[in-house]
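**Q** This structure is in structure tokens; I'll ask about it shortly.
The values are calculated or read from the model by the stated rules, or taken from the named source; none is laboratory data. Here the structure is a predicted model, which is why all the values come from computation and not from measurement. As a convention, Cβ positions derive from the backbone with ideal geometry for all residues, glycine included, and neighbour counts pool all protein chains shown. In case anyone asks, the SASA skips ligands and DNA or RNA and just uses the protein heavy atoms, side chains included. Shrake-Rupley method; radii C 1.70, N 1.55, O 1.52, S 1.80 Å.
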Amino acid sequence: MKDVWIDLQVNGRHGIAFNSPRLTVEEVILLTEKMVAEGTVGFLAAMSTTAGEETTLHTAGVIREARRRSAACEKAILGLHLEGPFVSREKGYVGAHNPAMVRDPDIGYIDKVNDACGGLVRVVTIAAEAKGAEDFTRQATDRGVCISIGHSAEWRPERIGALAEAGAKSFTHLG
């Protein structure tokens, strides 16, 4: 049997980035077809949402349209992984994200992105120390979104446990 792969965080590939404010439907189709040919049967298109709301909404709409136009995209693009913008601002934890674009968790933002992409938001990465992280986690989980703790400077077991109790299920860039 041929190996098959499901990737939970594809920021881009083959010179195509999901974060690009100029991303096109044709690029998403090309990237997807190449990944499928290489053995990836499904993936979450990941976006560093600290690129800005306009770019995130553009990308979400482009992915929605690519899935409408291409059977390969409809089958392989399982949803979106929003890596932020609810991450730590602290150096060393913010990673490649733009600290100026980091913000507190806001379920309205997720609803807006979900509207743009046709309900494809599957995973959202947040910092455990983000203001309102527990309430946000409960609200997102109620909408069927998996919360992943990541890009976080907070590692006290009681804080991580509180988010797990609120519904967080995974880690992004643990440690």
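**Q** Can you tell me what the convex hull of the Cα atoms of the range 97-169 projects to on average, as an area in nm²?
**A** Details: hull surface 19.0 nm².
Spelled out: convex hull of the Cα atoms, projected over all directions, averaged, 4.7 nm².
**Q** Accessible area per residue for the range 43-82 in Å², computed with a 1.4 Å probe and the full protein assembly in place, what is it?
**A** On the way: 1500 Å² over 40 residues.
Using a 1.4 Å probe on heavy atoms only, each residue of the range 43-82 averages 37 Å².
**Q** For the range 24-169, which semi-axes, largest first and in whole Å, follow from the square roots of 5 times the eigenvalues of its Cα gyration tensor? Don't jump to the answer; show the numbers that get you there.
**A** Values: eigenvalues 153, 47, 41 Å².
Equivalent ellipsoid semi-axes, largest first: 28, 15, 14 Å.
**Q** Another question about this same structure. Which residues does the label zone of residue 143 cover in the range 110-134, counting backbone N under 15 Å from a point 7 Å along Cα→Cβ?
**A** Flagged as within label range: 110-126, 133-134.
**Q** Given all pairs of different Cα atoms, what value in angstroms does the Kirkwood hydrodynamic radius of the range 83-126 take? Please list the in-between numbers first.
**A** Details: mean 1/r = 0.0895 Å⁻¹.
Evaluated over the range 83-126, this radius sits at 11.2 Å.
**Q** While we're looking at this one, here's another question. Please compute the length gained on full extension between residue 3 and residue 164, using 0.36 nm multiplied by the number of residues separating them and subtracting their Cα-Cα distance. Show your work: numbers first, answer last.
**A** Values: separation 161, 0.36 × 161 = 57.96 nm, distance 3.23 nm.
Using 0.36 nm per residue and subtracting the Cα-Cα distance, I get 54.7 nm.
**Q** Another one. Please give the helix 107-117 orientation as an angle from the longest Cα principal axis of the chain, in degrees from 0 to 90, rounded to the nearest 10.
**A** On a 0 to 90 degree scale, this one is about 0.
**Q** Using a 1.4 angstrom probe on heavy atoms only, work out the carbon and sulfur share of the accessible area of the range 28-175 in %. Let's see the in-between values first.
**A** Working: 3280 of 6580 Å².
That fraction is 50 percent.
**Q** What whole-number distance in Å separates the alpha-carbon centres of the range 1-38 and the range 110-131?
**A** Using only Cα atoms to place each centre, the spacing works out to 20 Å.
**Q** Still on this model: Across the chain, how many lysine pairs, 8 or more apart or on two chains, come within less than 24 Å at their alpha-carbon atoms?
**A** Lysine pairs, 8 or more places apart or on different chains, close enough: 8.
**Q** Among 158-168, 127-137, what's the highest-first ranking by average C-beta atoms within 10 angstrom per residue?
**A** The peptides rank, most packed first, as 127-137, 158-168.
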